[in-house]
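Engineer: What follows is a single structure, and I will ask about it in a moment.
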């Protein structure tokens with residue numbers, strides 16, 4: 001059985017990564033397993049709520065890379081995993097959920113193209129590039145409306161950690177990308193990316209069929 005086709009989708013906060021992943025998923029007729037990097041923030045059970053708010057969540061050290069890599073390997077091996085579930089209203093892990101492997105696994109997050117171990121496990125690397133003004137407006141709207149945070153705190157966090165960490169760690173990962181999507185989930189980009197992924201999945205299906213019939217003379221590239 002062919003391993004799942006693994007896609008990494010990175011880009012700055014508010015770039016449209018989640019929207020792109022969801023819209024591409026909707027265009028594919030196969031099971032897609034989506035893994036959110038946000039759920040892999042390190043837990044901070046010993047910190048008070050006030051102390052958790054001072055953590056730099058945009059630095060690579062904020063993430064549990066060991067767990068992510070282990071669970072990616074298990075998904076690639078066809079195993080279900082219990083992924084953590086992170087609650088931004090309390091800045092901590094609150095639960096876990098069972099995730100089944102699909103024909104495609106999409107890892108989505110600001111630093112999805114940062115860690116070398118993750119990069120080694122990706123079959124396609126995507127970077128979503130969106131204007132900074134658009135991203136900051138989306139970030140403020142999300143954090144104030146969806147995560148119930150005060151506007152002043154959101155702005156302070158953006159200036160103190162989000163913007164400098166984007167420039168230092170997130171933006172440079174663009175050079176790791178196979179595909180750069182401009183301006184988030186635009187219709188043309190979604191269509192072209194879905195077509196490319198559909199072709200990759202079809203090639204994998206052909207490989208499986210050949211393995212079952214013993215017909216391995218015709219090469220199928222991934």
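Engineer: Which of the numbered conditions does residue 133 fail, given that it passes all the others? Conditions: (1) closer than 20 Å to residue 167 by Cα; (2) free of Cβ contacts under 8 Å to residues at least 60 places away in the same chain; (3) part of a loop (DSSP other than H, G, I, E, B).
Structural biologist: Exception for residue 133: condition (3).
Engineer: Got a number for residues in the stretch 154-180 being surrounded by 19 or more Cβ atoms within 10 Å (Cβ to Cβ) and at pLDDT 95 or above?
Structural biologist: 5
Engineer: Continuing with this model, one more query. Just the residues that are crowded, with 20+ Cβ neighbours inside 10 Å, over 18 Å from residue 135 (Cβ atoms), modelled with pLDDT under 95 and in contact with a strand residue (DSSP E or B) (Cβ under 7 Å, 6 or more places away or on another chain), please, taken from the stretch 6-32.
Structural biologist: Once the filter is applied, which keeps residues that are crowded, with 20+ Cβ neighbours inside 10 Å, over 18 Å from residue 135 (Cβ atoms), modelled with pLDDT under 95 and in contact with a strand residue (DSSP E or B) (Cβ under 7 Å, 6 or more places away or on another chain), the stretch 6-32 yields only 32.
Engineer: Of the residues in the stretch 33-78, how many are assigned to a helix (DSSP H, G or I), more than 19 Å from residue 7 (Cα to Cα), in contact with a strand residue (DSSP E or B) (Cβ under 9 Å, 6 or more places away or on another chain) and without any contact (Cβ under 8 Å) to a residue 24 or more places away in the chain? Write out each step before concluding.
Structural biologist: Narrowing the stretch 33-78 to residues assigned to a helix (DSSP H, G or I): 37-40, 49-52, 60-62, 65-76.
Filter once more, keeping what is more than 19 Å from residue 7 (Cα to Cα): 49-52, 60-62.
Now narrow it down to the ones that are in contact with a strand residue (DSSP E or B) (Cβ under 9 Å, 6 or more places away or on another chain): 49, 52, 62.
From the residues that got through so far, the ones that are without any contact (Cβ under 8 Å) to a residue 24 or more places away in the chain too are 62.
Residues in the stretch 33-78 being assigned to a helix (DSSP H, G or I), more than 19 Å from residue 7 (Cα to Cα), in contact with a strand residue (DSSP E or B) (Cβ under 9 Å, 6 or more places away or on another chain) and without any contact (Cβ under 8 Å) to a residue 24 or more places away in the chain: 1 in total.
Engineer: Of the conditions (1) within 17 Å of the chain's Cα centre (by Cα); (2) farther than 16 Å from residue 17 by Cα; (3) assigned to a loop (DSSP other than H, G, I, E, B), residue 111 satisfies every one except a single condition; which number is it?
Structural biologist: (2)
Engineer: Hey, another quick one. Where the second residue is surrounded by fewer than 17 Cβ atoms within 10 Å (Cβ to Cβ) and assigned to a strand (DSSP E or B) and the first is at negative phi and touching a residue at least 60 places away in the same chain (Cβ under 8 Å) and lies in the stretch 82-108, which pairs have Cβ atoms under 8 Å and are six or more apart or on separate chains?
Structural biologist: As it stands, the answer is 99/82, since those pairs meet every condition given.
Engineer: Please determine, by comparing only the residues of the stretch 181-221 that are under 27 Å from residue 19 (Cβ atoms) and part of a loop (DSSP other than H, G, I, E, B), which one is modelled with the highest pLDDT.
Structural biologist: If we take residues in the stretch 181-221 being under 27 Å from residue 19 (Cβ atoms) and part of a loop (DSSP other than H, G, I, E, B), then 186 is modelled with the highest pLDDT.
The values are calculated or read from the model by the stated rules, or taken from the named source; none is laboratory data. The structure displayed is predicted, hence computed values, not measured ones. Reconstructed Cβ throughout: ideal geometry from the backbone, glycine too, with neighbour counts over all protein chains shown.
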